[in-house]
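Asks: Can you keep this structure in mind? I'll have questions shortly.
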Amino acid sequence: MIFGILEIFRNEPLLLFMITLGVACSIGGIPPILERKRRRGIENDLPAMLEALSDSLGAGLGLQQAMMAEAERNNGTLGKLLKETLDESHSSSFDSALANFATKSRSSQVQRVMHLMSTAIEQDAPLQDILANMSRDYERLNDLMNRRESDLMGRSILIIMFVSIGLPFLIAFIVGLFAPRADGFQLESFNSSFTLFFGAASLVAISVSGRMLGRMRSALWWAPLWMAVSMSIYHVGVYVIGG
Amino acid sequence: MRSLDESREVLYVIRTLDVLMGSGVGLEAAIHSISQGGYGIISKDFSNLMENINKGKPLEKELRSLLKKAETDGYKRVLNTMLNNVTQNTDIIETLRKQGERMEESRTESVKEYIEELGGVPETLLSIGMIGPIILSILGIAPQLMEDAEALFGPMDQGMIMSIVNVGLFLTLLGMAMIGLKAHTKDPGL
């Protein structure tokens, strides 16, 4: 049976291509996941850092001193990054250190905060109030983002599992049971239509679930793998159940 | 896409305008600061506006034309506040603060709505995605399953049946994509 299953793949160049592409793309899909994890870690730490900076300014410290103290205190990714940037900034201005920190974080939230801080310093605006307000704003924003993630993650996994695994298995079961290959049913064009359908349905499922979580582009890296999985499940299912 | 970009950036633009103008910067200089970048589509709009102002066009006229271009309510309100400040010298900072608070509340509401509305998407997607292929798979194998029943149902052409199945599968896929489109169109723009 194992040789028989392997023989199916030999006769399906599209499926072989999808498997190869799927493996290659899934390797490409790992860096966006790691990068997102790092970025969200930084962004979730940001409100606490802004609040601490605001408190320190209220206690009479300068912004640079407050940031140095926060870099010492915070042992997360944000603190590490801040410490690294401040250490490197001895030969340059504090303003360029802020810009450097924003660039290194690769987070639009941090970039916006740093931009606003630079502007506030330039304009001599009340920094303590601004930092406290920003801390509140970004805390609410991150709460919303985290809530969206936790509430929709289960649904997005459900869509992928059902469309890419459940559906091809169910149809393979029906076809294998009612029209078994062993009984001489001719299903070449039927199978190729359904194989293409499952591939396309998996692509739709991945796109929808990625969009639900607000990261369609990075989710699409995994599309070829899921397409290959769903197409393979159908082919193998029809072969095994109908054999 | 424009409306999504606008709704994503407008709150940050309000906060920046609040900081800048609260510390004594004029409206034109604040617009110039935002036009330098960092606020997506709004930075581009403000950059075009600054270019036209530098060519000698009045700020009021430029704000009016931008108001026509804006798609979301929030962005339109901000532009309207700016316009009122230019024409009637209104207190822009206080208005912007109120708008920021209101916008934040509405963003929270829209995220909750988004999560609730997408609650039904998996079920609908799976209903269409399952029922369609099940019916079509049975239809596709029917000519071979019922070869002996030709006297009862008449001859069934496998080629014609497969064409119907293919069209059906395509429509199922289209239906799934249309349902999934809700996830994009209702996005609150976080």
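Readers should treat all values here as calculations from the given coordinates under stated rules, not as data from a laboratory. These numbers come from a predicted model, not from an experiment. Using ideal geometry, Cβ is built from the backbone for each residue, glycine included, and neighbour counts are taken over all protein chains shown.
Asks: Taking N as the number of residues in chain B, what value does Rg over Cα atoms divided by 2.2 N^0.38 Å take? Don't jump to the answer; show the numbers that get you there.
Replies: Details: Rg = 27.4 Å, N = 190, 2.2 N^0.38 = 16.2 Å.
My calculation over the Cα atoms of chain B gives 1.69.
Asks: Looking at the stretch B:2-90, I'd like the Rg to Rh ratio, where Rg is from alpha-carbon atoms and Rh is Kirkwood's inverse mean 1/r. Before the final figure, lay out each step's value.
Replies: On the way: Rg = 11.9 Å, Rh = 12.9 Å.
A ratio of 0.92.
Asks: Roughly how many debye, to the nearest 20, is the charge dipole of the protein assembly as shown about its Cα centre, given +1 on each Lys and Arg Cβ, -1 on each Asp and Glu Cβ, and no other charges? Don't skip to the answer; put the middle values down first.
Replies: Numbers: 40 positive and 49 negative charges, 95 e Å.
Taking the Cα centre of the protein assembly as shown as origin, the dipole is about 460 debye.
Asks: Okay, next question. Residues of the stretch A:106-144 with backbone nitrogen within less than 19 Å of a virtual label 7 Å along the Cα-to-Cβ line of B:Asp91, please, listed as ranges.
Replies: In the stretch A:106-144, the label zone of B:Asp91 (backbone N under 19 Å from the point 7 Å along Cα→Cβ) covers A:126.
Asks: Which of the listed residues, B:Asn166, B:Ile34, A:Met227, is farthest toward the dipole's positive end in the protein assembly as shown, when Lys, Arg count +1 and Asp, Glu count -1 at the beta-carbon?
Replies: Looking along the dipole axis, the top candidate is B:Ile34.
Asks: Measure off 7 Å from each Cα along the Cα-to-Cβ vector at A:Ile165 and B:Ser106, then give the distance between these two points in nanometres to one decimal.
Replies: 4.2
Asks: Another question, then. So which trypsin sites (Lys or Arg not before Pro) in the stretch A:77-121 pass both tests, a DSSP loop state and at most 15 other Cβ atoms within 10 Å of the Cβ?
Replies: Details: sites: A:Lys80, A:Lys83, A:Lys104, A:Arg106, A:Arg112; in loops: A:Arg106.
Loop-located and lightly packed - A:Arg106.
Asks: Separate question: With a cut-off of 8 Å between alpha carbons and a minimum separation of six or more residues, what is the relative contact order of chain A in percent?
Replies: Details: 259 pairs, mean separation 68.1, N = 243.
About 28 percent, as a whole number.
Asks: Taking every pair of alpha-carbon atoms in chain A, give the share separated by more than 25 Å as a whole percent.
Replies: Details: 16677 of 29403 pairs.
For chain A, the fraction of Cα-Cα distances above 25 Å is 57 percent.
Asks: Exceeding 25 Å between C-alpha atoms, which entries from my cross-link table qualify? They are B:Lys68/B:Lys112; B:Lys69/B:Lys98; A:Lys37/A:Lys80; A:Lys83/B:Lys44; B:Lys55/B:Lys98. If you can, show how the numbers build up before the last one.
Replies: Details: B:Lys68/B:Lys112 30 Å; B:Lys69/B:Lys98 23 Å; A:Lys37/A:Lys80 15 Å; A:Lys83/B:Lys44 34 Å; B:Lys55/B:Lys98 33 Å.
B:Lys68/B:Lys112; A:Lys83/B:Lys44; B:Lys55/B:Lys98, as the Cα separations exceed 25 Å there.
Asks: For labels at A:Phe17 and A:Ala59 in the simple 7 Å Cα→Cβ model, what's the distance in nm?
Replies: Using points 7 Å along Cα→Cβ, the separation is 6.4 nm.
Asks: Let me ask something additional. Distance in nm between label sites at B:Ile135 and B:Leu190, each 7 Å beyond Cα in the beta-carbon direction?
Replies: The answer from the label model is 3.7 nm.
Asks: Right, here's the next one. Which ordering of A:Arg36, A:Arg10, A:Arg148 is given by a fewest-first count of other beta-carbon atoms within 10 Å? Can you show the working numbers first?
Replies: Values: A:Arg36 12, A:Arg10 9, A:Arg148 21.
Lowest count first: A:Arg10, A:Arg36, A:Arg148.
Asks: If you average the C-alpha positions of the stretch A:1-72 and of the stretch B:22-80 separately, how far apart do those two centres end up, in angstrom?
Replies: 35
Asks: Are there trypsin sites (Lys or Arg not before Pro) in the stretch B:1-110 that DSSP puts in a loop and that have at most 10 other Cβ atoms within 10 Å, and which ones? Intermediate values should be presented prior to the final figure.
Replies: Working: sites: B:Arg2, B:Arg8, B:Arg15, B:Lys44, B:Lys55, B:Lys61, B:Arg64, B:Lys68, B:Lys69, B:Lys76, B:Arg77, B:Arg97, B:Lys98, B:Arg102, B:Arg107; in loops: B:Lys55.
The qualifying sites are B:Lys55.
Asks: If you don't mind, there's one more thing I want to ask. Could you give the radius of gyration (one decimal) and Dmax (whole number) of the Cα atoms in the protein assembly as shown, in Å?
Replies: Cα only, the protein assembly as shown: 28.6, 96 Å (Rg, Dmax).
Asks: Any idea how far the Cα center of the stretch B:107-141 sits from the one of the stretch A:116-172, in Å?
Replies: Their Cα centres are 23 Å away from one another.
Asks: What do you get for the angle between helix A:127-161 and the principal long axis of chain A? Use alpha-carbon atoms, 0 to 90 degrees, nearest ten.
Replies: The answer is roughly 10 degrees.
Asks: Averaged over all directions, how much area does the convex hull of the C-alpha atoms of the stretch A:1-93 cover when projected, in nm²?
Replies: Working: hull surface 41.3 nm².
Across all orientations, the stretch A:1-93 yields a mean hull projection of 10.3 nm².
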